[in-house]
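The next block holds one structure in the form of structure tokens; read it before the comments.
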Amino acid sequence: MSASSYGAALARVLAHEGGYTNDPRDPGGPTNHGITIADYRRYAKPDATAADVRAMSVDAAKAIYRTHYWDALACDALPAGLDYAVFDYGVNSGVARAAKALQRLVSVEADGAIGPATLAAVARRDPVALIAALCDERLAFLKSLKTWAAFGNGWSRRVADVRAAALQMAAAAPPAPQPAAPRAAVAAAAAGPAVPAAGFALHDLIEGNTMLMISTVALALVAAALLYVFLVRPALPHLAAGLKGLRTIIAARLVTLCGVLVGLHDFLMPYVAGVDWTPFTARVPAWTVPLILVATGALFEALRRVTRTPVAGKA
């Protein structure tokens, strides 16, 4: 969407990366203009040494950045500002990770290859919101790395700089041209607004919005309470016989355990693995599936206790 962003984005990347370094704490090893020795061997000179990396010209680095980072991430097809945020993320943490992070944010398959499906999903989102969410995800990932203690201050400043510059680019970009609507679309508009799919719309609405997440949970609890008062409680005498016994206890606690395990998996995987991963709950807010499972198990357990018949001779 904005091929003209490349020059400004590249200049900022080169300014952040600087010249030759070979910090023993950096797993990238010898690096020049941000290009590690592994990338230089992969894209330019298979037998490159540290001396070759030190002698790398800026033009050689620019050629690698254009083909193997900017083009590989389809940045020309991304909105202004978001293209820079994705590009810098890929330079700093890897092309595949940057692509997967963007794909998870727009709820498409995180395969690490930005193609038509990803670009279509990006086009339906607000670029400013995507820039903010991508920078938040990037910083959270960097904080999970073992090298955060050594490089955390510099990474924090870099992500903050990228966020500010990307938002400025997005604000300065001209509005995207709207294609002429086909006759079918005009007729549909005249007939009235279409009703979006409820689940997808709800996910888009509450993703990343803490207050709306809290409100959604509160509404769900109120709905559960009303369901209990008006439907479940009147039926308790009839449910008593069916909710007794060992099978109900096992079912309730298995459902609860599943919820706890799913929640722990999605919470701990970024810290345990430290690599790209796709959570069980990637298509919905991360708390939804564990909450539903735990709540279901707790409801079964509560109903079992409420409907339990007292044993003769005991209180």
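Listed here are the residues, each with its yes/no results for (1) β-branched (Val, Ile, Thr); (2) more than 26 Å from PRO30 (Cα to Cα); (3) not assigned by TED's automatic domain parsing to the domain that holds THR31; (4) not in a helix (DSSP H, G or I).
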position: ALA48; (1), (2), (3), (4): no, no, no, yes
position: ASP88; (1), (2), (3), (4): no, no, no, no
position: ASN92; (1), (2), (3), (4): no, no, no, no
position: LEU102; (1), (2), (3), (4): no, yes, no, no
position: SER107; (1), (2), (3), (4): no, yes, no, yes
position: ASP111; (1), (2), (3), (4): no, yes, no, yes
position: ILE114; (1), (2), (3), (4): yes, yes, no, yes
position: ALA117; (1), (2), (3), (4): no, yes, no, no
Task: Any hit, region 60-71, residues being closer than 21 Å to GLY18 by Cβ, surrounded by fewer than 22 Cβ atoms within 10 Å (Cβ to Cβ) and either β-branched (Val, Ile, Thr) or within 13 Å of the chain's Cα centre (by Cα) (or both) - done: yes
- [ ] Determine if region 55-73 includes at least one residue that is in the same structural domain as HIS33 (by TED's automatic domain parsing), of a type in the set (S, T, N, Q), part of a loop (DSSP other than H, G, I, E, B) and closer than 24 Å to ALA15 by Cα.
- [x] yes
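Residues being under 14 Å from ASP26 (Cβ atoms), basic (Lys, Arg) and in a helix (DSSP H, G or I): count how many of those fall in region 128-157. It would help to see each step written out before you state the result.
First pass over region 128-157, keeping only residues under 14 Å from ASP26 (Cβ atoms): 142, 145-152, 154-155.
Filter once more, so that each one left must be basic (Lys, Arg): 146.
Right, trim to in a helix (DSSP H, G or I) and you get none.
Adding up the residues that qualify gives 0.
Has region 120-127 got any residue that is out of contact with any helix residue (DSSP H, G or I) (no Cβ under 6 Å at 6 or more places or on another chain), surrounded by 20 or more Cβ atoms within 10 Å (Cβ to Cβ) and either part of a helix (DSSP H, G or I) or assigned by TED's automatic domain parsing to the domain that holds ARG42 (or both)? Explain how you work it out, then say what you get.
Within region 120-127, the first condition is being out of contact with any helix residue (DSSP H, G or I) (no Cβ under 6 Å at 6 or more places or on another chain), and the residues that meet it are 120-126.
Imposing the further condition that a residue be surrounded by 20 or more Cβ atoms within 10 Å (Cβ to Cβ) reduces the set to 122.
Subsequent filtering for residues that are either part of a helix (DSSP H, G or I) or assigned by TED's automatic domain parsing to the domain that holds ARG42 (or both) retains 122.
Checked against the condition, which is being out of contact with any helix residue (DSSP H, G or I) (no Cβ under 6 Å at 6 or more places or on another chain), surrounded by 20 or more Cβ atoms within 10 Å (Cβ to Cβ) and either part of a helix (DSSP H, G or I) or assigned by TED's automatic domain parsing to the domain that holds ARG42 (or both), region 120-127 yields at least one hit.
The values are calculated or read from the model by the stated rules, or taken from the named source; none is laboratory data. Computed from a predicted structure; not experimentally measured. Heads up, the Cβs are rebuilt from the backbone with ideal geometry, glycines too, and the neighbour counts pull from every protein chain shown.
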